[in-house]
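Single-structure report; data block below.
We did not get these values from a lab; they are worked out from the coordinates using the rules stated. Keep in mind that this is a model prediction, so the values were computed, not measured. Cβ coordinates were reconstructed from backbone atoms using ideal geometry, including for glycine residues, and neighbour counts include every protein chain displayed.
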Amino acid sequence: MILVLHGPNLNLLGVREPAIYGHTTLAEIDASLAALASELGVGIDCFQSNHEGALIDRVQASRGHVAAIVINAGGFTHTSVALRDALASADVPIVEVHLSNVHRREAFRHRSLIAGVATGQVLGFGADSYLLGLRAAVGLVAAKR
């Protein structure tokens, strides 16, 4: 099982700043992830929250139940030490994803607190960042076996 976490404001994908984030909705991303997971023979659990504590609770509850985590922490990427610490304790591969290339944006977006505990990052490919991230997570899990 792969846990896919979507952080704050990602529920507004498709309508929020489409020039930056595209027109694909979160429901469409989750459907694409489910189709790819089926093709790859893995299960996924997708969860979105605008609340830091809910994301942390989900990471903690996943301990021992998931093989990897794919996360787009949204704005919490740059601010949440608590989410970073929860991910650090997950003891599974972590793939950080972003729809936009954060390094081509505002300076405050260039620093990721998640990066230090992530196995890798995928960014700048729009909705495909999630699919690439899922493929990476599945590959990391397979390599551990």
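Quick notes
- For Leu13, nonlocal amide neighbours, meaning residues 5 or more places apart or on other chains whose placed amide H falls under 5 Å from its own, are Leu26.
- Per-peptide average of other Cβ atoms within 10 Å, ordering 46-55, 129-138 highest first: 129-138, 46-55
- Across all directions, the average projected area of the convex hull around the alpha carbons of region 54-96 is 2.7 nm².
- Each Cα pair under 8 Å and six or more residues apart adds its separation to the average, and for region 55-130 the resulting relative contact order is 33 percent.
- Euclidean distance of C-alpha centroids, region 69-117 and region 1-39, integer Å: 16
- Highest average first, the peptides 68-79, 11-22 ordered by how many other beta carbon atoms sit within 10 Å of their residues are 68-79, 11-22.
- Amide H contacts under 5 Å for Val4, placed H, 5+ residues apart: Asp45, Cys46, Phe47, Val70
- Gly120 long-range amide H proximity, modeled H, under 5 Å: Ile94, Glu96
- Farthest toward positive dipole pole in the chain [+1 Lys/Arg, -1 Asp/Glu at C-beta], among Val66, Gly7, Leu140: Leu140
- Per-residue Karplus couplings for region 96-107, computed as 6.51 cos²θ - 1.76 cosθ + 1.60 with θ equal to phi - 60°, are listed in order as 8, 10, 9, 5, 9, 7, 4, 6, 9, 10, 4, 4 Hz, Gly and Pro entered as x.
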